[in-house]
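Colleague: So that we are looking at the same thing, I have put the structure below in structure tokens.
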Amino acid sequence: MYQLSAVRALAGAVAAAAALWLAPQPAAAQELKIGFSMAMTGGLGPNGKSALLAQKIWEEDVNAKGGLLGRPVKLIYYDDQSNPSTVPGIYTKLLDVDKVDLVVGGYATAMLAPAMPVMMQRKKLFIGLLGLGVNSEFNYPNYFVMIPSGPNPKPSFTKGFFDLALAQNPKPTSVAIVAADQEFSRNASDGARENAQKAGLKIVYDKTYPPATQDFAPIVRAIQATNPDILVICSYPPDSVGMVRAINEVGFKPKIVGGAMVGPQNTAMKAQLGPLLNGFTTYDFWLPVPKMDFPGVTDLMKKYQARAAAEGVDPLGYYMAPQAYAQMQVLEQAVAATKTTDDQKLADYIRANTFKTVLGDVKFGKGGEWAQSRVLQVQFRNIKNNDPMQFKGVDTQVVVSPPEYASGSLVYPYEKGR
């Protein structure tokens with residue numbers, strides 16, 4: 001009798017378990033997938049990986065608050081290898097194979113431009129990270145970008161540099177412009193040329209060099225022979241290193257030099273070049289000066305810097321992290337406000353509204369650019385050695401333009417800053 005009761009009890013338990021197992025279970029919330037390409041290797045890799053860490057921190061932060069539209073956010077990304085030819089295939093895969101809900105743009109002008117035809121064909125919202133004048137030719141209404149070059153991006157990028165030079169006494173009269181033969185550098189040099197012409201400066205040198213150039217001493221000697229007061233360099237990271245080394249090696253001393261050099265914003269490159277950078281003045285977008293202590297940025301930088309060593313990225317992250325986190329904040333706020341992932345509705349909302357980000361208030365204007373330009377010019381000085389931690393503060397990297405964010409004045413001419 002006892003055995004029969006036990007068997008019946010066991011059978012009942014099994015039946016109950018089976019019924020529970022067969023009953024419909026509440027489905028886990030479907031992930032909201034956001035896809036993009038990112039330079040993780042190649043010449044742009046150091047900056048790309050820095051941006052990626054900030055985007056991962058945003059993913060964790062937004063999921064800790066419950067995700068978006070009640071769904072956990074999942075970032076899906078692929079290495080574009082700093083190679084523009086990989087980009088269209090990556091975005092096609094993200095949309096057709098990974099079936100992402102939304103896409104954003106990766107890092108650098110040369111990587112955003114080849115993605116644009118895919119975005120336009122699919123009518124996708126596309127918020128780029130850093131790209132100069134990418135939409136100047138495409139005129140795509142659903143493109144936005146986090147570079148703060150403003151509604152007239154090409155000349156705005158070096159306008160602060162020229163304004164600094166022209167405020168000196170005696171005023172410079174001649175300029176040399178040298179650029180890598182790549183999308184960003186050509187756009188920056190177009191803007192520099194426009195600024196020079198408006199200022200009535202004589203352009204004594206205006207040439208491009210192949211992106212694979214390694215020996216810059218002959219280029220610097222050719223520029224030196226024209227004796228310009230101002231030297232505008234429009235370069236990507238590997239050639240920025242080459243140009244700085246060559247200028248020091250040749251002993252070339254224009255009155256002011258820099259302007260549009262990608263690379264010296266990265267801590268590892270600053271440390272690599274060390275005192276060779278002293279006197280150079282070039283652009284940046286954010287540094288820890290009191291006037292740029294926007295809500296949330298200090299917290300972000302603490303999280304980033306605590307993880308940077310383990311991730312093998314820029315230990316400070318000043319250049320990429322605020323821009324990349326703010327890029328995702330814009331998307332987050334648009335999705336939360338519209339309660340949709342519909343690309344057109346999101347683009348319409350972004351066009352019409354101001355966003356609260358770690359870069360302060362961001363509003364977009366003409367061509368998806370920032371409504372107002374905010375490109376900094378930073379002069380390197382007092383660099384003693386190759387210790388990266390000397391760049392944690394702003395004594396070695398002084399914001400000299402625009403005045404509302406400046407932390408010091410320009411040391412002029414360049415030779416005195418050395």
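Colleague: State all residues of segment 83-130 that are β-branched (V, I, T) and in contact with a strand residue (DSSP E or B) (Cβ under 8 Å, 6 or more places away or on another chain); if no residue qualifies, say none.
Modeller: T86, V87, I90, V100, V103, V104, T109, I127
Colleague: Let me ask something additional. Could you tell me whether Q197 is more than 25 Å from T396 (Cβ to Cβ) and not hydroxyl-bearing (S, T, Y)?
Modeller: In short, yes.
Colleague: I've got another one for you. Return yes when G367 is in a helix (DSSP H, G or I) and either at pLDDT below 95 or surrounded by 18 or more Cβ atoms within 10 Å (Cβ to Cβ) (or both) and no when it is not.
Modeller: Yes, satisfied.
Colleague: Right, K124: basic (K, R), touching a residue at least 60 places away in the same chain (Cβ under 8 Å) and within 14 Å of L346 (Cβ to Cβ) or not?
Modeller: So K124 passes the test.
Here is a yes/no grid of residues against (1) part of a helix (DSSP H, G or I); (2) within 16 Å of the chain's Cα centre (by Cα); (3) without any contact (Cβ under 8 Å) to a residue 60 or more places away in the chain:
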{"residue": "L300", "(1), (2), (3)": "yes, yes, no"}
{"residue": "Q305", "(1), (2), (3)": "yes, no, yes"}
{"residue": "L316", "(1), (2), (3)": "no, yes, no"}
{"residue": "V330", "(1), (2), (3)": "yes, yes, no"}
{"residue": "L346", "(1), (2), (3)": "yes, no, no"}
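Colleague: Given the options S401, S409, name the one that is farther than 26 Å from E59 by Cβ and free of Cβ contacts under 8 Å to residues at least 40 places away in the same chain.
Modeller: The match here is S409.
Colleague: Can you tell which of A326, A336 is surrounded by fewer than 22 Cβ atoms within 10 Å (Cβ to Cβ), of a type in the set (A, V, I, L, M), at pLDDT 95 or above and within 25 Å of G35 (Cβ to Cβ)?
Modeller: None of the others qualify; the one that does is A336.
Colleague: Output the number of the condition that A306 fails; it satisfies all remaining conditions of (1) farther than 13 Å from N266 by Cβ; (2) assigned by TED's automatic domain parsing to the domain that holds T396.
Modeller: It is condition (2) that A306 fails.
Colleague: Among the residues of segment 268-282, which ones are out of contact with any strand residue (DSSP E or B) (no Cβ under 8 Å at 6 or more places or on another chain) and on the phi > 0 side of the Ramachandran plot?
Modeller: G274
Colleague: Just to be sure, is A108 modelled with pLDDT of 95 or more, under 16 Å from the mean Cα position of the chain (by Cα), under 22 Å from L331 (Cα atoms) and buried (at least 16 other Cβ atoms within 10 Å of the Cβ)?
Modeller: Taking the combined requirement at face value, the residue does not satisfy it.
Colleague: Among (1) of a type in the set (V, I, T); (2) in contact with a strand residue (DSSP E or B) (Cβ under 9 Å, 6 or more places away or on another chain); (3) more than 22 Å from R71 (Cα to Cα), there is one condition V313 misses while meeting the rest; what is its number?
Modeller: The failed condition is (2).
The values are calculated or read from the model by the stated rules, or taken from the named source; none is laboratory data. From a predicted model like this one, the values you see are computed outputs, not experimental measurements. Heads up, the Cβs are rebuilt from the backbone with ideal geometry, glycines too, and the neighbour counts pull from every protein chain shown.
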